[in-house]
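The values are calculated or read from the model by the stated rules, or taken from the named source; none is laboratory data. All values derive from a computational prediction rather than experimental measurement. Ideal geometry is used to build each Cβ from the backbone, glycine not excepted, and the neighbour counts take in all protein chains shown. Just so you know, the surface numbers come from the protein's heavy atoms only, side chains and all, with ligands and any DNA or RNA stripped out. Shrake-Rupley method; radii C 1.70, N 1.55, O 1.52, S 1.80 Å.
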Number of protein chains: 2
Amino acid sequence: VIEELDRDECLRLLATEPVGRVAVGWLGQAPLVLPVNYVLAGGAVVFRTGPGDMLRGLGQGPVSFEVDTYDPATRTGWSVLLHGVARPVAHADVAKLDLEPWAPGDKPIWVRIVPSSITGRRLTRDRG
Amino acid sequence: VIEELDRDECLRLLATEPVGRVAVGWLGQAPLVLPVNYVLAGGAVVFRTGPGDMLRGLGQGPVSFEVDTYDPATRTGWSVLLHGVARPVAHADVAKLDLEPWAPGDKPIWVRIVPSSITGRRLTRDRG
């Protein structure tokens with residue numbers, strides 16, 4: 001059974017995971033999709049990045065952020081997809097956030113995605 | 001430590017997971033990113049879908065397919081990103097493939113993405 005999730009439930013689920021995927025579009029090219037560590041702060045997704053394709057893509061237009069989990073044993077899971085514009089995190093706010101990416105490398109740029117839309121679905125098994 | 005993965009290693013890893021994420025771009029809009037069940041067949045990713053936004057997006061241009069796994073306890077993992085054009089799977093080939101999506105709903109359209117590029121990274125911990 002597929003159940004649509006409301007915004008509050010999506011945000012609650014987002015807060016339970018350490019890794020999501022940022023997707024940025026490129027005119028005439030396939031989207032760039034990369035996993036990142038993130039935190040939720042004030043209803044926005046915050047992650048860190050460095051110079052590169054992802055950073056360039058973030059400025060091209062609205063971006064997506066996807067999180068999901070699944071259990072192969074029960075063939076169940078959920079996914080949340082958030083759309084929004086990526087903006088720099090204010091310096092004063094960075095100091096309040098606890099976000100240390102697992103990947104090495106300098107990631108000095110803190111980005112937030114303020115959601116313009118959040119949708120999600122949960123897949124469960126019929127008990128009938 | 002981040003290690004770049006070669007194409008063979010990426011394909012080997014792709015064969016170990018049941019769920020990946022298809023990302024399709026839209027001019028001036030955020031990409032659509034949805035998890036799907038998939039199989040590898042002849043070096044291509046094969047998944048099933050039905051009528052809807054994903055199907056419309058698949059025809060817009062090159063698409064992406066992303067798979068990752070991670071272990072929060074060790075803060076390690078890997079990710080693979082494949083780009084390519086989505087094409088229908090030939091009817092004769094469908095019969096040979098074992099692909100039953102976990103999600104309910106009619107998914108009569110079998111799609112394959114023949115990779116034009118495959119990149120991947122593995123994140124491990126320094127033992128030093």
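Okay, here's what the table says:
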| quantity | calculated |
| --- | --- |
| Conditions (1) in contact with a Ser or Thr (Cβ under 9 Å, 6 or more places away or on another chain); (2) within 29 Å of A:P18 (Cα to Cα): number failed by B:L55 | (2) |
| In the range B:80-93, residue farthest from the other protein chains (Cβ to nearest Cβ) [restricted to those that are surrounded by 17 or more Cβ atoms within 10 Å (Cβ to Cβ) and out of contact with any helix residue (DSSP H, G or I) (no Cβ under 9 Å at 6 or more places or on another chain)] | B:V89 |
| A:G52 being more than 12 Å from every other protein chain (Cβ to nearest Cβ) and at pLDDT below 95 | yes |
| Test: B:D126 is in a loop (DSSP other than H, G, I, E, B), within 12 Å of another protein chain (Cβ to nearest Cβ), open to solvent by 20 Å² or more (accessible area, probe 1.4 Å) and over 27 Å from A:G84 (Cα atoms) | yes |
| Number of positions in the range A:1-16 that are assigned to a strand (DSSP E or B) and surrounded by fewer than 18 Cβ atoms within 10 Å (Cβ to Cβ) | 3 |
| Output for the range B:36-63, where each listed residue is in a loop (DSSP other than H, G, I, E, B), over 19 Å from A:G25 (Cβ atoms) and open to solvent by less than 50 Å² (accessible area, probe 1.4 Å) | B:G43, B:G50 |
| Test set (1) more than 14 Å from every other protein chain (Cβ to nearest Cβ); (2) out of contact with any helix residue (DSSP H, G or I) (no Cβ under 8 Å at 6 or more places or on another chain) - B:D68 fails condition number | (1) |
| Any chance B:A73 is of a type in the set (A, V, I, L, M), without any contact (Cβ under 8 Å) to a residue 60 or more places away in the chain and open to solvent by 60 Å² or more (accessible area, probe 1.4 Å) | yes |
| Options B:V33, B:V19: the member that is crowded, with 22+ Cβ neighbours inside 10 Å and either modelled with pLDDT of 95 or more or within 10 Å of another protein chain (Cβ to nearest Cβ) (or both) | B:V33 |
